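Below is one structure, written out as structure tokens; the observations come after it.
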Amino acid sequence: MNDSNIPIWAARSGWWECLQPGEKARVAAEVGYQTVPSGEALQRLGETAQHWIGVMSGLAKFIVTTASGKPLIYSGVGAGGWFGEGTLMRREVWRYQAQAIRSCELALMPRETFLWLLQHNIAFNHYLLQQLNDRLELMTLQVLDDQQGGADSIVARTLRHLFHPLAGANGGALKVTQSEIGQLCHLSRQRVNQAFQRLQADGVLHLRYGEVEILDAAKLRAWEFRTMNAKPRESSRLESGHTAAAVSDATGDRTSASSADPLGCGMRG
């Protein structure tokens, strides 16, 4: 396929260059298109998956509903990102919902085309393996965040995922507001703003009106674990305080164990 005829979505998709010329021609000919307004679902929950879905423009969030009916937001996908490969490979129905935060233009690769690429292209398989591994890590770390993390690590992880090369990110600034990040993180706009300010002060990112530019990807990655790693140390100090209190009671010492203090605790969207 001539480079001048490459679809816009293909130029931003991390897997496109994995394909052979004949594969590119077939995929480009068979991909369909759809526009989804803000607030609407990108695919219908409970229906059999018929397409691998790529976001050409816009921003969406993934929502999983627990057995008790509680909705959980676990990730987001922006322009250049694709999703649904696991559901297609299992030939199952959609068990989660992708909802447009911002109006989304979609590229829809038919299931048969996707499965054909899966069988014929090893490099495409490697891309999918990396993407699935990244998303598994994301969900695992979010479970830990629910137990011992904080807003800073959640915001950092959300930004890293949106800036991930597998999601089509090619550097530069991401057009996203604090309110949109708040929807992805399930945090208030104020808490997102506070996290942004701390990340900017550490040289991780630069904030502009309606945009975020990542300056140091390694630091951003470190921030994902900063709050999480601090929790065991805090817990250890608190446990030491309880131990000291127990010793005091046993020895008749009236000195209060509470003298060991616990650890102390932009951009316009």
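The values are calculated or read from the model by the stated rules, or taken from the named source; none is laboratory data. Source: prediction; values computed, not measured. In this analysis, Cβ positions are derived from the backbone assuming ideal geometry, glycine residues included, and neighbour counts consider all displayed protein chains. Side chains are part of the model used for accessible areas, which takes the heavy atoms of the whole protein and leaves out ligands, DNA and RNA. Shrake-Rupley method; radii C 1.70, N 1.55, O 1.52, S 1.80 Å.
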When the residues of region 76-114 are narrowed to those that are among the acidic types (Asp, Glu) and farther than 16 Å from TYR127 by Cα, which ends up least open to solvent (accessible area, probe 1.4 Å)?
GLU92
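For region 196-223, how many residues meet the condition of being touching a Leu at 6+ places or on another chain (Cβ under 7 Å) and of a type outside the set (S, T, N, Q)?
Restricting attention to region 196-223, the residues satisfying the condition of being touching a Leu at 6+ places or on another chain (Cβ under 7 Å) are 196, 199-200, 203-206, 211-215, 220, 223.
From what is left, the residues that are of a type outside the set (S, T, N, Q) are 196, 199, 203-206, 211-215, 220, 223.
Within region 196-223, residues that are touching a Leu at 6+ places or on another chain (Cβ under 7 Å) and of a type outside the set (S, T, N, Q) number 13.
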For region 23-58, give me each residue that is of a type in the set (Gly, Ala, Ser), loosely packed, with under 13 Cβ neighbours inside 10 Å and under 16 Å from GLN97 (Cα atoms).
GLY39, GLY46
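Quick one: which strands (runs of 3 or more DSSP E) sit completely within region 1-120 and have at least 2 residues that are more than 18 Å from LEU162 (Cα to Cα) and touching a helix residue (DSSP H, G or I) at 6+ places or on another chain (Cβ under 9 Å)?
On the way: elements: 32-36, 51-65, 71-78, 97-110.
Counting at least 2 such residues, we get 51-65, 97-110.
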Scope region 59-75; condition open to solvent by 30 Å² or more (accessible area, probe 1.4 Å) and either basic (Lys, Arg) or touching a Ser or Thr at 6+ places or on another chain (Cβ under 8 Å) (or both); matching residues
LYS70, PRO71, LEU72
Quick check: anything in region 7-18 open to solvent by less than 40 Å² (accessible area, probe 1.4 Å), under 18 Å from GLU112 (Cβ atoms) and within 24 Å of the chain's Cα centre (by Cα)?
yes
Here are some conditions: (1) modelled with pLDDT of 85 or more; (2) open to solvent by 40 Å² or more (accessible area, probe 1.4 Å). LEU128 meets all but one. Which one does it not meet?
(2)
State all residues of region 176-205 that are open to solvent by 30 Å² or more (accessible area, probe 1.4 Å), in a loop (DSSP other than H, G, I, E, B) and closer than 16 Å to SER38 by Cα; if no residue qualifies, say none.
THR177
GLU224 - would you say it is under 30 Å from ALA100 (Cα atoms), out of contact with any helix residue (DSSP H, G or I) (no Cβ under 9 Å at 6 or more places or on another chain) and either buried (at least 19 other Cβ atoms within 10 Å of the Cβ) or at pLDDT 55 or above (or both)?
no
